[in-house]
Structure formats: structure tokens, C-alpha cells
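The values are calculated or read from the model by the stated rules, or taken from the named source; none is laboratory data. Bear in mind that the values here come from a model prediction, so they are computed numbers and not experimental data. We place every Cβ from the backbone using ideal geometry, glycine too, and count neighbours over all the protein chains shown.
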Amino acid sequence: MTAGIILLVFGFVILSGSALLAICWAAKSGQFSNITEGAASIFDQDEPVGVPTDRFPVKNSQ
Amino acid sequence: MNSPSLLSTINPATEPDKLDSVERAEIDASTRGPVLLFFGTAIFWLLMGSLLGLISAWKITNPGLFDSISWLTFGRLRPAHLNLVAYGWAVPAAIGVGLWLTARLCRVPLLHAKLLISSAIVWNLGILVGLSGILIGDGRSIEWLEFPAYATPILFIAYACISVWTIIMFRFRKSGHIYVSQWYLFAAFLWFPWLYATANILLVWQPVQGPAQGAINWWYAHNVLGLWFTPIGLAAAYYFIPKVIGRPIHSYYLSILGFWSLALFYSWNGMHHLIGGPFPAWMVSASVVASVMMFIPVITTAINHHMTMKGHFEALNWSPTLRFIVFGAVSYTVVSLQGTFMAIPALNSITHFTDYTIGHAHLGLYAFFTMIMFGSMYYIVPRLVGGEWPCANLIRWHFWLSAVGIILMVGALTLGGLLQGLALYDVASTFRSSIEFATPFRVLRGISGFILMGGQLVFAYLFVQMLLKPGSQKKSPAHFDKSDNSSNDSVAI
Amino acid sequence: MNKLPLIFVGIFLTFTSAWIGLVAYPTLNLANVEPIPDEETGGVLPPTTSGMAIAGQKVYASAGCMYCHSQQVRWAPLSTDIAKGLGTRQTVARDYIREKVAFLGTMRTGPDLSNIGVRQTDANWHHLHLFEPRTVTEWSIMPSYRYLYKTQKISGQPSNDAIQGLRGPHAPKPGYEVVPSVDAKALVAYMLSLKKNYKLPESPEPTAK
């Protein structure tokens, strides 16, 4: 029972601490500014916006 | 992979930029071993888990089936089914998709492949031990946590490796901006060990007293869905929908808002499984309120996905990935709104304790999560093995068997559950009538199980074919023609 | 836009609040419920359970009874549990302090068992029911638990604990008898111990409407 409580408190401190750090870091490094630019970050020169990247395999392949 | 010293593999270093396509092909190739191992074992357990589910579905309408075999009794098959599909299939599938997405979004080749491969082996060993434990009668009868105490540390160790790996990859990332999928992935990879450890400590190693277990049990069980499966499924949807149709997500701001409101409201949801139970009223009320607040993340996500897809729905004809993922994304909206309604006490008093809940669970884990995993695999696997899927028609069969099967299953359980619930609620009605109302729908559910398994067998066949002899090999790093969307076969359903 | 970090800190703290509310709170408060003295008999409430009944909880978990049977009587305004005779009052935290695992359950594929020890007081009925549910309830969809029983040849006197009243195809051959294993006896002891018919101050019996 007491071991359980100690683990809980320990876990709480570590987890909330690290989550707060993560948020502070995110804010500092500008993750929350220019928020709309992020949407384009999965596209690049070879797979640009406007080009689909998946389709059913063509029939003659087998 | 160049890994000279241990220090240089856990501390980021800079490298000159490469051509995007070459870099992407390198990253994809680096994930091949671990991702295919996770996918392969996941598909194996999916078939096993579904088989156990199918047997238990038939046992409920034919109680005499295998009734002298202790390890095939319903009360063991059902948890075995749940744990196999949840921890044998869904978690490794999520890890596989998560690994691949993490490597791609961080724009670094996958590091520490050996660690991941050992983690996959240890994880599957844990599943095997846990499954045997349940079948020989060591199951703990704590929903979602049935694996006996000797299996869970194995799983935890295997999982911890993945979490550490995510942090390392995150440190090494080259992309400056963190795409929304990464938010979801990173959070999910760190939430899960927290959930799993808390639940195991308080329910197994230092069991708390009586009903407090119920609260922790459902805090865990609901958060596994909400803070692990859902974020991974949404991470995949947020990546693949824009990527496949070649159009950025409609509102990036909404997607981030969706992420944080999900984290906020979902975590409070669990107690709606225990409405009316032996708990202080405020705990249940908080869960009901949070369940209603789930409207916010769900609607933002639904609007965002719909607006992204708008004008591109014809893409469903030519992209297998998109077809599965859009089915999953729509199911996410449906299942979440249904969940909200189910938490409203007046409705809950009818649907609670009935097959309706089972239908809801399958809508979430199959129609939403599993379909998104299938879709992701259709995108990822060709890029790992370097060739296309062998047969378009089999993919279509897989899709339609899955779609029809799951709609039939959820429909049957929902209707049957409602009738069952009304009979259980009505003071004038007998218990017998609650069984009689539900029985025809349970038979229908058993049939839908066969249809779903048919789809899974088709997929397993396709996957094995891909491992043995991938279709048309291409030399260019991107395995798909970029322009050829209007060829003859692409219009067929 | 630059207010966002602040919003997120708020959101994060609320997320942790769920953990405090749904995990830490029940661990610290809900899990330290003590039995109370029974004014009438001088014993304690809820009454202590026998070793056999505690062993039976393990069999209950191992067989997975919980997947079809709940063990909770919900509060009256939002359920008809009391009107349907599942119990005379709502079950509360103190009712479960004797249980290693509180089998609250989430399904009523089968009936609620909070008060099965009040409704069915005969051990032989339970053995019959577990061995072949359809001998006592013909429309039952409960699986048989005959793997908890042994059919053996009667040597000399029939055993005291052999199941009485097995009929039809399930009756043992002449000269044979069906006896429960230790597990079956423990499970039945547990069933008989499931009674919430004592009074607790925090859960008054609702007055009849």
C-alpha cells in the first residue's frame, strides 16, 4: 500500500515535470508560432503538393 | 547506417543534405526489418485472435460447444480474444506504423534496428506467455489487463525499449517543424508505458482495495483506446490522407487543437463504464462531462479530414490506402459520437451491460483502428520490400469483406444490444426475454465474424506474397508512378 | 498566437488532473474503507468470508465468470436494478472490501450476482447449475463447467458431496456419481457468500414508491 503511494508520487513528479519541460521546449523552439506552415512539412521537391502518392497496383504486374 | 560509437548513436550529429527522394528511400529501407517483423507477427496474432473471437461468438449461441474443455470455456476465450487482438495485433501494428512514421517525419534513417527487433521478439514472447496463462486459467479477470502477473513485465520491458527509441529518434530529427502526426505519435509512445505501469502496479503488484480497482481499471482501459490507439490511428490519418492525395491538411491549427483537447478530455472518460457503480458521484459525473466534451476533438478532426478530402473523393477509387483510411476516419467520428451518447446516464442505463457495448468496442477497434492500420500497411509495405502489391482485386476483396463484415457486426450488436437493454431495463420483462431478443443478432454477429476473417485471410495471403515475391520491381526510389492515376483499372471498384 | 503555450500548460494540467482524480484519489481514499461494527449481532459489516469463499474468487476469475455476470446494484433513479430485485439497496464501496478483485463487471449476458447467495441458498442447486446449467434453467445460455467435476465409480457408500438430481443425458451411469472438485466447492462457497442483505448507513434502502 505505502509502496504504491510512493510509486504514484514518484511517477507523478517525473511525468508532470517532463511534460512541463516538453511544453516549455515546444514554446521556446517555436512549435506554436508559424503553426500553419507545419502542414506543408510532409511535402518536398520530389513528392510536392498536388501529386498523389498511392494507387492500386496496375494489372499487368501479375 | 553508420554507427561508429554508442555515444554518436544517442546524440544527434549533422549530416549534409541529400536529394529528397534518395533520402526518403534510404529512410524507408532502414525501417524494413523491425517494421516487417512487427507487421508480420501482428497479422499472425490477428488471425489467431479473430479465430478465438469467432469460437466465442459461436459458443454464446451454442453453449454446448466444446464445453468439456477447460481452456475453451467462454470466460477464457473472450479475454484471450481481446488480449490477442489488442496486444498481439493492434499494439504491434501501431508500433510498426509508428516506427515508420517516426523515421519519415524525423527525416532520419531508423537507428538501433537491433534494439527494435529484440523488442519485437520479447513482446511476442510476452504475448505467448500471457495467452497461455489465460487459457490455463491464470487470467486475472480485470478487463484489458487479463495477462497474468508473470507476463506483464515481459511486455513492459519490450515496450520500454520502443519508448526510449522514440526519444532518441526525436533528438536526431532533421525536420525543424514537428508535424501534427509526430505530436500524436510521440505522446502516444510515452503515454502507454505510463498507463501500463500505473495499472499494473496498482492492480497486480500492490493491489488496491475493492472498488478503487474498478476506477483504475477503467481509467486504464479507456485510456489505452484514447491515449494510445486513437493517437496512433489519427497520426496515420493525418499523415496519409494529405500525403496520398497530395494536398496539405485543411487546417493545421484545428489539428493541433484536436490533439490537445483529446489529451484533456479523453483521459477523464473511463468512469462512464461504471455509471451507477459504487463510486463517489463526482467521479462518474466528471467522466460523463468529459465524454460529452469529446465532441470538440472529434468534430475538429472530422471537419479537418472532410475539408482535406473535399474535391478529392474520386481518389478513393484509385488508392487502396486512402480507401481504408477514410473508412477508418469516418468510423472514428461515428464511434466517438456514439461513445458520447452512451455516456449520457439516461441512455447508459439502457445500453450498459449489453451487446451494444461490444458493438461499440468493435466499431472503435476494428472499423476505426484496424482499418487505418490496414490502409497504412498498404502504403508502407511496398516501400519496404521494393515492389507493388501482387493483385489489385484481392485488395478490393479485402476491403469489401472488412467493410461489409464490420458494418454487419456492429449493426447486429447495436440492434440486439438495444433490445436486450430494453428488456433488462423494463421491470415487467423477464431475464429470459433479454436473451431471446439478443439471440438472432448474436447469430448474425457470428456470421459477420466469418466475413471479417475472410478479409483477414486475403490480407495475410497478400502480405506473405509481398514478403516472398513482391510484384513489379521498380528501380526509382519512389515505387509509384506519379502521374498515372487514370489508367483503366483505376476506375473499377 | 503567442498565448498558446499558456493554454497548453492549462490543458496539460487538466490532463494530469484526470490521473489524480481517477487514479490517485481512489488509491488514497476509496481504498481505505474499513468494516463497521454491526450493532445487532456484535460482528462486523460486511461480514467476514470463509477461506473457501476467498479461494472461490480465484476460480471465479480463472473461469472468467465476470465476462457475463456483473456484481453491482446501481442507484435507483437511473436504473431499475432494485425494482427488478437484484438487491434491496445500491452497492457501495464498503460492500467490496472483502474481495481481492472487485468483480464489478460490465456485462449482463447472465444475471447480476451481487445477491446470488440470497436468491439461491442451496449448494446442490449451484453444483447442478455449474455442471449442466440447462438442468435447472432450460433456456440458459451459460456454458457448462463440467471440467470442475469428476465422474467416478461408487465404491461402497456414495460420496456425501456427490451432486443430487442429475437427470436425462447428464445423469451418470448406474453405479457412478458426479463429485465436485475442490475448485467447484470453492466456487459454490463463493456464490453462497455473495449477499448484500445487511444494512450499511451510507446505502439506505429506498422507500417503496
Kindly indicate which of B:V292, B:V326, B:V298 is closer than 30 Å to C:A102 by Cα and under 24 Å from the mean Cα position of the chain (by Cα).
B:V292
Since C:R89 meets every condition but one in (1) closer than 17 Å to C:P47 by Cβ; (2) within 12 Å of the chain's Cα centre (by Cα); (3) buried (at least 20 other Cβ atoms within 10 Å of the Cβ); (4) more than 7 Å from chain B (Cβ to nearest Cβ), which condition does it not meet?
(2)
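Does B:T354 satisfy being of a type in the set (S, T, Y) and touching a strand residue (DSSP E or B) at 6+ places or on another chain (Cβ under 8 Å)?
Details: of a type in the set (S, T, Y): yes; touching a strand residue (DSSP E or B) at 6+ places or on another chain (Cβ under 8 Å): yes.
Taking the combined requirement at face value, the residue satisfies it.
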Among the residues of segment C:141-165 satisfying the criterion of being crowded, with 18+ Cβ neighbours inside 10 Å and touching a strand residue (DSSP E or B) at 6+ places or on another chain (Cβ under 6 Å), which is farthest from B:F437 (Cα to Cα)?
C:A162
Within segment B:100-120, does at least one residue satisfy the condition of being over 26 Å from C:L104 (Cα atoms) and free of Cβ contacts under 8 Å to residues at least 24 places away in the same chain?
yes
Determine which single condition C:G117 fails, assuming it passes every other condition in (1) assigned to a loop (DSSP other than H, G, I, E, B); (2) in contact (Cβ under 8 Å) with a residue 40 or more places away in the chain.
(1)
Filtered residues of segment A:19-49 (kept if modelled with pLDDT of 75 or more and within 26 Å of B:S21 (Cβ to Cβ)):
A:G38, A:A39, A:A40, A:S41, A:I42, A:F43, A:D44, A:Q45, A:D46, A:E47, A:P48, A:V49
May I ask you to list the residues in segment B:42-89 that are hydroxyl-bearing (S, T, Y) and more than 8 Å from chain C (Cβ to nearest Cβ)?
B:S50, B:S56, B:Y87
Within segment B:319-430, which helices (runs of 4 or more DSSP H) (wholly inside it) include 2 or more residues that are within 14 Å of chain C (Cβ to nearest Cβ) and more than 20 Å from B:Y239 (Cβ to Cβ)?
B:320-343, B:345-351, B:355-362, B:392-425
If the requirement is being under 21 Å from the mean Cα position of the chain (by Cα), at negative phi, touching a residue at least 24 places away in the same chain (Cβ under 8 Å) and surrounded by fewer than 20 Cβ atoms within 10 Å (Cβ to Cβ), which of these qualifies: B:I395, B:I407, B:I380, B:I358?
B:I407
B:P440 fails exactly one of (1) within 14 Å of chain C (Cβ to nearest Cβ); (2) farther than 24 Å from B:V298 by Cβ; (3) at pLDDT below 95, namely (3)
Those residues that are touching a Phe, Trp or Tyr at 6+ places or on another chain (Cβ under 8 Å) and more than 9 Å from every other protein chain (Cβ to nearest Cβ), I need them from segment B:188-224; list them, please.
B:A188, B:W191, B:F192, B:P193, B:L195, B:Y196, B:N200, B:A221, B:H222, B:V224
Does B:G137 meet the test of being part of a helix (DSSP H, G or I), touching a Phe, Trp or Tyr at 6+ places or on another chain (Cβ under 9 Å) and either charged (D, E, K, R) or away from chain C (no Cβ under 14 Å) (or both)?
no
Residues within segment B:256-281 that are surrounded by 22 or more Cβ atoms within 10 Å (Cβ to Cβ), more than 8 Å from every other protein chain (Cβ to nearest Cβ) and farther than 18 Å from B:L347 by Cβ, tallied
5
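Yes/no matrix, rows are residues, columns are (1) surrounded by fewer than 19 Cβ atoms within 10 Å (Cβ to Cβ); (2) of a type in the set (S, T, Y); (3) at pLDDT 90 or above; (4) in a helix (DSSP H, G or I):
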residue	(1), (2), (3), (4)
C:K84	no, no, yes, no
C:R98	yes, no, no, no
C:T121	yes, yes, yes, no
C:W139	yes, no, yes, no
